[in-house]
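Inspection log for the structure reproduced underneath, given as structure tokens.
Only the coordinates and a few stated rules stand behind these numbers; no lab work does. Only a predicted model underlies this, so the values are computations on that prediction, with no experimental measurement involved. With ideal geometry, Cβ positions are generated from the backbone for all residues, glycine too; neighbour counts draw on all protein chains shown.
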Amino acid sequence: MTYTISNQKLSIEISNHGAEIKRILFNGLDYLHDSNPQFWNRSAPLLFPNIGSIKDGFTIINNKQYPLTKHGFIRDRDFLVTAQEKSSITFTYISNEKDLALYPFEFSMDVTYQIHGDILKSYIVIKNLSSDTMLFNLGLHPAFKIPLEPNEKFEDYYIDFKEPFSDKSPLVNLQNGTIDFEHFNQEFTNLQKLPLNYDDYINDALIFSNLKSHVITLTNQSQSHGIRFEFHDFPMLGIWTPNHVKAPFICLEPWIGCADRVDHNHEFNQKSHLITLEANDSKLITYQIKFF
């Protein structure tokens, strides 16, 4: 089921399936990919308890194997609406026996969306309901519609990083989705403005782990419309579009963690940027997107 929050400028449609945003209208203009399966059948899934691929399709937690799939399972779970107002809504998910077969920790997740003028804010709270120490990664995967207007093309847009930085984007193994941090797809020096170009995504996503700022702007050459994305709680950023079909969107993916390394030993507790929660502890993760 889809729910809507709105004000005079902004309207957000969210499905209870995965608490996934399905449509963003700002001043009547669509800003989000419409989940057309010709390109990609999703729009903005949440990634939990892992991001990207798990090497060989299994991970080991407390000496037991679990068959975690790419990007985890929360994107395929139905949430309940536990609070709703005109411009705010909260979705809640509580884990069950089905989840324990994939991931051995009981947990709850609250996902709140609020709109304030031209800004969407989200608050994600994960609580450990188990008696053991809980480990997880969390990522975002919104696909922003590009171009936004019919007289434009994909290459008319660019990503502006608030502060320039240098980084090496590691190679993604196209056979199994693991990441090779010893070999690089592209290298960037003092990168601030990244023009959109399909050729950059021949080898899957660009992956950045050395950001100086966690504020980026996606806009066109005239800067007439776009978004400003703030994700201070997320140390990494993936940028992706399915190059082979020249999809009309770009995914800006803040990550707390990433796919397994090519040489990963399957131990979940060796994954990068893990969040650790003791019993009954909770973690708040926030982000916001400004539309113009």
Karplus-derived 3J(HN,Hα) from phi for the range 21-26 (6.51 cos²θ - 1.76 cosθ + 1.60, θ = phi - 60°), whole Hz, x at Gly and Pro, runs 5, 10, 7, 10, 10, 10
On a full-extension model of 0.36 nm per residue, what is the gain between residue 78 and residue 58, subtracting their alpha-carbon distance, rounded to one decimal in nm? 4.8 nm
Would you pull out the residues with amide H under 5 Å of residue 213's amide H, same chain only if 5 or more places away, H placed 1.01 Å from N? 163
Which value in nm describes the separation of the simple spin-label points at residue 17 and residue 86, placed 7 Å from the Cα toward the beta carbon? 3.0 nm
If each of residue 129 and residue 278 carries a label point 7 Å out from its Cα toward its Cβ, how far apart are those two points in nm? 2.2 nm
If I take R0 = 30 Å and measure r between the Cβ atoms of residue 2 and residue 224 in this structure, what FRET efficiency does the formula 1/(1 + (r/R0)^6) give, to the nearest 0.05? 0.55
Relative contact order as a percentage, the range 1-119, C-alpha pairs under 8 Å and 6+ apart, gives 24 percent
Treating cross-link reach as a plain straight distance, find the aspartates and glutamates whose alpha-carbon is under 15 Å from the alpha-carbon of residue 9, omitting any fewer than eight places away in the same chain. 30, 118
Just report the Cα centroid separation between the range 255-291 and the range 1-50, whole Å. 23 Å
So, for the Cα atoms of the chain, Rg and Dmax in Å stand at 18.5, 56
Among 141, 214, 33, which comes first, second and so on when ranked by fewest other beta-carbon atoms within 10 Å? 214, 141, 33
Ranking 247, 172, 272 by how far each Cα lies towards the positive end of the charge dipole of the range 152-292 (+1 on Lys and Arg Cβ, -1 on Asp and Glu Cβ), the top one is 247
Taking springs between alpha-carbon atoms closer than 10 angstrom, which of 182, 163, 278 fluctuates most in the Gaussian network model of the chain? 182
Which residues does a label at residue 232 reach in the range 255-292, if reach means a backbone N under 16 Å from a point 7 Å past the Cα toward the Cβ? 284-290
Counting other beta carbons within 10 Å of each residue's own, what order do 76, 160, 204 fall into, fewest first? 76, 160, 204
Sparse-neighbour loop sites [trypsin sites (Lys or Arg not before Pro); the range 1-87; at most 10 other C-beta within 10 Å; DSSP]: 86
Kindly put 239, 14 in sequence by how many other C-beta atoms sit within 10 Å of each C-beta, fewest to most. 239, 14
Cα-projected label distance for residue 244 with residue 174, points at 7 Å along beta-carbon direction, nm: 0.8 nm
For the chain, calculated [θ]222 nm from helices alone, where every DSSP H run of n ≥ 4 adds -39500 (n - 2.57): 0 deg cm²/dmol
Given +1 on the Cβ of Lys and Arg, -1 on the Cβ of Asp and Glu, and no further charges, what dipole in debye does the range 2-291 carry about its Cα centre, rounded to the nearest 20? 440 debye
Between their Cα atoms, which of 127/212; 55/98; 127/168; 98/162; 98/145 are more than 31 Å away from each other? 127/168; 98/162; 98/145
Taking a 22 Å limit on the Cα-Cα distance, which of the listed pairs 246/271; 70/153; 22/290 fall beyond it? 246/271; 70/153
